[in-house]
Amino acid sequence: MEEKLDLSARRLLRELGLRPSKGLGQNFLVDRSVPPQILEAANLSSEDSVVEIGPGVGVLTLPMARLVQQLTAVELDRRLYPYLQAALAPFPGAKLVEGDALEFDPADLAPMPYKLVANIPYYITSAILRHFLESDHRPSRLVLMVQKEVAQRIVAQPPDMSLLAVSVQFYGQPKIWATVSASAFFPLPKVDSAILLIETFAPQYDQSSDLPKRPCPDVESARFFEIVRAGFSQKRKQLVNSLASGLHQDKALIQQALEKAGLESTRRAESLSLIEWSQLYPHLT
């Protein structure tokens, strides 16, 4: 196993006098076989614009800077900023931004189209997905290192759907590109990881795009997710009960809406596909 490890991240941290921050959720990639898999999933070209969150010591950053037209690396850890600034200086298309990626409007980080590629701190996975997928300036492709269990939940299909799965699949097509052992990181995390690829759907205003088309185009997202959240509000409960409670509506009206959508009231939220949620939507708006 040792021959697979690239110890430069650990050595560099020692040279900089730094220790990984638990508060920032830092786990640095040290297995040299993993970054090429991430880059392969990102399918980068010399015409691409890329946003990276948490470049760390540049294991992904520097290879991407050599490949793409424009790279914006967003780093919250100020201790790493001088090193990264010097490392990226030879690449005129690379820009280092100091701060929290969640506090930036995606439109201020890169022009469209762009890709989001990152080994993100796992505790902000859901927040990162919401921030970029719900934006009108969403990336065409996301390639993120996430906890394996979270990746499995995101790509799940009925009867194992979750609010997280619906929330991601509403905006794009997720796929587990590869699984990654905990031994690939320093410090060693307690869980295995996965490279998650999400190819987002074409924006509603650009149906000529080469991106895949959303399977439920004629829904308003705020109301759609109000309905979905209500459906998942009471775990493992029958849909008619959870929707009536979550939407504060009469059970008979919910029963009628389900019948019009061709759905049995005894179904559970976990068993509904994205298409079935979109079929129910017009009867509850």
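The values are calculated or read from the model by the stated rules, or taken from the named source; none is laboratory data. Computed from a prediction, not measured in an experiment: that's the story for all the values here. For neighbour counting, all protein chains shown are included, and Cβ atoms are generated from backbone atoms with ideal geometry for every residue, glycine included.
I want to confirm something. Restricting to region 147-170 and keeping residues that are of a type in the set (D, E, K, R) and within 20 Å of A230 (Cβ to Cβ), which single residue is surrounded by the most Cβ atoms within 10 Å (Cβ to Cβ)? Checked region 147-170; the qualifying residue surrounded by the most Cβ atoms within 10 Å (Cβ to Cβ) is R153.
Would you call R11 under 29 Å from P113 (Cβ atoms) and basic (K, R)? The answer is no for R11.
Out of all the residues in region 42-51, is one or more in a loop (DSSP other than H, G, I, E, B), more than 21 Å from R138 (Cα to Cα) and either of a type in the set (G, A, S) or outside the structural domain of A194 (by TED's automatic domain parsing) (or both)? So far as region 42-51 goes, no, none of its residues is in a loop (DSSP other than H, G, I, E, B), more than 21 Å from R138 (Cα to Cα) and either of a type in the set (G, A, S) or outside the structural domain of A194 (by TED's automatic domain parsing) (or both).
Residues in region 253-285 that are crowded, with 16+ Cβ neighbours inside 10 Å and more than 21 Å from A165 (Cβ to Cβ) were compared, and the one that is modelled with the lowest pLDDT is S265. Going by what's in this entry, would D31 be described as farther than 22 Å from F201 by Cα, of a type outside the set (S, T, N, Q), buried (at least 18 other Cβ atoms within 10 Å of the Cβ) and touching a residue at least 12 places away in the same chain (Cβ under 8 Å)? So D31 passes the test. When each of A107, A87 is tested for being small (G, A, S) and touching a Leu at 6+ places or on another chain (Cβ under 9 Å), the lone residue that passes is A87. Sub-9 Å Cβ pairs linking a first residue in region 101-129 that is assigned by TED's automatic domain parsing to the domain that holds P55 to a second residue that is among the polar types (S, T, N, Q) and part of a helix (DSSP H, G or I), at least 6 apart or interchain, are S126/S167; L129/S167, ordered by first then second residue. The C-beta contact set for region 16-27 (first residue over 17 Å from Y83 (Cα atoms), second residue at pLDDT below 70 and of a type outside the set (A, V, I, L, M, F, W, C), distance under 9 angstrom, 6+ apart or interchain) comprises N27/P20. Taking region 60-120 and the strands (runs of 3 or more DSSP E) fully enclosed by it, the elements with 3 or more residues that are within 19 Å of S45 (Cβ to Cβ) and touching a Lys or Arg at 6+ places or on another chain (Cβ under 9 Å) are at 70-75, 115-119.
Could you check region 124-143 and list, in sequence order, the residues that are of a type in the set (K, R) and crowded, with 21+ Cβ neighbours inside 10 Å? Correct list: R138, R141.
Among the residues of region 205-252, how many are modelled with pLDDT under 85 and surrounded by 12 or more Cβ atoms within 10 Å (Cβ to Cβ)? Summing the residues that are modelled with pLDDT under 85 and surrounded by 12 or more Cβ atoms within 10 Å (Cβ to Cβ) in region 205-252 gives 6.
Would you be able to say whether some residue in region 112-130 is farther than 28 Å from I176 by Cβ and not aliphatic (A, V, I, L, M)? No - not one qualifying residue is present in region 112-130. Looking only at residues in region 141-174 that are of a type in the set (S, T, N, Q) and in contact with a helix residue (DSSP H, G or I) (Cβ under 9 Å, 6 or more places away or on another chain), the one that is nearest to V117 (Cα to Cα) is Q147. If you go through region 176-204 and pick out every residue that is touching a Pro at 6+ places or on another chain (Cβ under 8 Å), without any contact (Cβ under 8 Å) to a residue 60 or more places away in the chain and outside any strand (DSSP E or B), you end up with 4.
Is it true that some residue in region 91-101 is under 27 Å from E134 (Cα atoms) and within 17 Å of the chain's Cα centre (by Cα)? Yes; the residues of region 91-101 include at least one that is under 27 Å from E134 (Cα atoms) and within 17 Å of the chain's Cα centre (by Cα).
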